[in-house]
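K.L.:
Got a structure here, written out as structure tokens. Questions coming.
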Number of protein chains: 2
Amino acid sequence: MKSKSTSPAEALPGRPSHCPIHFALETFGDAWTLLIVRDLMFKERSTYTDFLRAGEGIATNILADRLARLGRAGIITRERAGDRPGSHYRLTPKGIDLLPILLEIIAWSAKYDPDTAAPRAFVRRVHRERAALGREIRRALRGRKQSATKEMNS
Amino acid sequence: MKSKSTSPAEALPGRPSHCPIHFALETFGDAWTLLIVRDLMFKERSTYTDFLRAGEGIATNILADRLARLGRAGIITRERAGDRPGSHYRLTPKGIDLLPILLEIIAWSAKYDPDTAAPRAFVRRVHRERAALGREIRRALRGRKQSATKEMNS
DNA sequence: CCGCTATGCTTGCTTTTTACAAGTAGCCAT
DNA sequence: ATGGCTACTTGTAAAAAGCAAGCATAGCGG
């Protein structure tokens, strides 16, 4: 009775634990969700096929599921472009607030993955001027707002 | 050819993407791994049965799998207590370095979960004096090396 | 020394989720 | 009107998670 959903990201055994770590994992505690957020935040990817071609090889049904879930969680919104074919997805403020988490993840991986693809300059900025870096990225994300103008979401 | 392993946390479709987000998700991109890290970091839990009783209801085989995986990833070590029954698990420096990520997750969840169980004072410290808070927790973790004696809870 | 209990797992089986391959629907251009 | 592109949905098989038992070892009590 507690779950109508089918997946781990939305239903760790559905217990009412309000531990903050648990709460977060209900939203993005799976292998794909944060990759979509990453694409929206750091790469210029914002359409369905952008995500599909992102390189890690997500399956189409999983992608559709995760996008719907992120929408329901209030982390992304979908804009249907009136003229162009294809929807664009965008991070909401709640989604943009995942930025500090991603920055820490990047710092950790840069430290422990000997073959990391994280640019050195970027990692240095994470350590030395995180606040400024954060503001810059947030500004860039907001700037992307106007491209298709129409808002339409579930 | 691409995978010998069996799980999402260890094998996002095994591609050689060295994207730092991807790298991190290979290690802890599932619903349970970070809960174990949380138990080791913020709660006093360090034994197999401690984790089992942690409240979220992890299955025993999954727990065994995640502990083995965390060990292989160099995030925890196991100490067999010579006299006491039961092994104790402990975070390595690599594991302790996950702290900033967890702190940001806690901050995010505290902001967006209206029923969060995160203590206000703790969240305030995350925002206002993260460095000092980090040092304090690290010190406490190192202090636990000898055996379970200290307090420190969320 | 023998059985009892507690801890730390492993094994077998069922249910749920993911992966993979197709197929469909809407839009627009030619 | 048809062909191609984008954004999905559907069907099915493989993989992982959930669940309930079982088993091994260590310590102790008698």
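K.L.:
Excluding ligands, DNA and RNA, what is the solvent-accessible area per residue of the range B:98-145 at a probe of 1.4 Å, expressed in Å²?
P.N.:
Ligands and nucleic acids excluded, the result is 54 Å² per residue.
K.L.:
Which value, in nm² and rounded to one decimal, describes the direction-averaged projected area of the C-alpha convex hull of the range A:16-92?
P.N.:
Mean projected area for the range A:16-92: 5.7 nm², to one decimal.
K.L.:
Compute for chains B and A the buried accessible surface, both sides summed, probe 1.4 Å, and express it in Å² to the nearest 100.
P.N.:
Looking at B and A, the buried total is near 4000 Å².
K.L.:
Pop out the ³J(HN,Hα) list for the range B:34-48 in order, Karplus 6.51 cos²θ - 1.76 cosθ + 1.60 with θ = phi - 60°, rounded to Hz; leave Gly and Pro as x.
P.N.:
5, 5, 5, 4, 4, 4, 5, 8, 10, 9, 8, 7, 8, 10, 3
K.L.:
Hey, got a sec? Which trypsin sites (Lys or Arg not before Pro) in the range B:29-98 land in a DSSP loop and have at most 15 other Cβ atoms within 10 Å?
P.N.:
When the trypsin sites (Lys or Arg not before Pro) of the range B:29-98 are filtered for loop state and at most 15 Cβ neighbours within 10 Å, B:ARG53 remain.
K.L.:
Oh, and also: Summarise the partner chain shielding of B:43-55 as one whole number: the mean count of Cβ atoms from other chains within 10 Å of each residue's Cβ.
P.N.:
Counting Cβ atoms of other protein chains within 10 Å of each residue's Cβ and averaging gives 1.
K.L.:
Here's something else I'd like to know. Taking H as built 1.01 Å from N, whose amide H comes closer than 5 Å to the amide H of B:SER87, not counting residues under 5 places away?
P.N.:
B:TYR48
K.L.:
Given a 1.4 angstrom probe, I'd like the percentage of the accessible area of the range B:98-145 that is carbon and sulfur, rounded to a whole number.
P.N.:
Answer for the range B:98-145: carbon and sulfur cover 49 percent of the accessible area.
K.L.:
Round to the nearest 10 and report in Å² the accessible area of B:THR47, as given by a 1.4 Å probe over the protein chains' heavy atoms.
P.N.:
30
K.L.:
How large is ³J(HN,Hα), in whole Hz, for each residue of the range B:59-67 in order, when computed from phi with the Karplus curve 6.51 cos²θ - 1.76 cosθ + 1.60 and θ = phi - 60°, using x for Gly and Pro?
P.N.:
6, 5, 5, 5, 4, 4, 4, 5, 5
K.L.:
So, with +1 on the Cβ of K and R and -1 on the Cβ of D and E, and no other charges, what is the size of the charge dipole of the range B:98-145 about its Cα centre, to the nearest 20 debye?
P.N.:
Using only the charged Cβ atoms, the result is roughly 420 debye.
K.L.:
Same structure again: Short version: which residues of the range B:88-124 lose at least 40 Å² of accessible area, all chains versus chain alone, 1.4 Å probe?
P.N.:
When all protein chains are present, B:LYS94, B:ASP97, B:ILE101, B:GLU104, B:ILE105, B:TRP108, B:SER109, B:TYR112, B:ASP113 each give up 40 Å² or more of accessible surface.
K.L.:
With a cap of 14 neighbouring Cβ atoms within 10 Å, and only residues DSSP puts in a loop, list the GluC sites (Glu not before Pro) found in the range A:43-79.
P.N.:
Here the GluC sites (Glu not before Pro) that fit, given the DSSP loop and packing criteria, are A:GLU44.
The values are calculated or read from the model by the stated rules, or taken from the named source; none is laboratory data. The model shown is predicted, which means the values in this text are computed figures rather than measured ones. Backbone-built Cβ (ideal geometry, glycine too); neighbour counts: all protein chains shown. Side chains included, ligands, DNA and RNA excluded: accessible areas come from the protein's heavy atoms. Shrake-Rupley method; radii C 1.70, N 1.55, O 1.52, S 1.80 Å.
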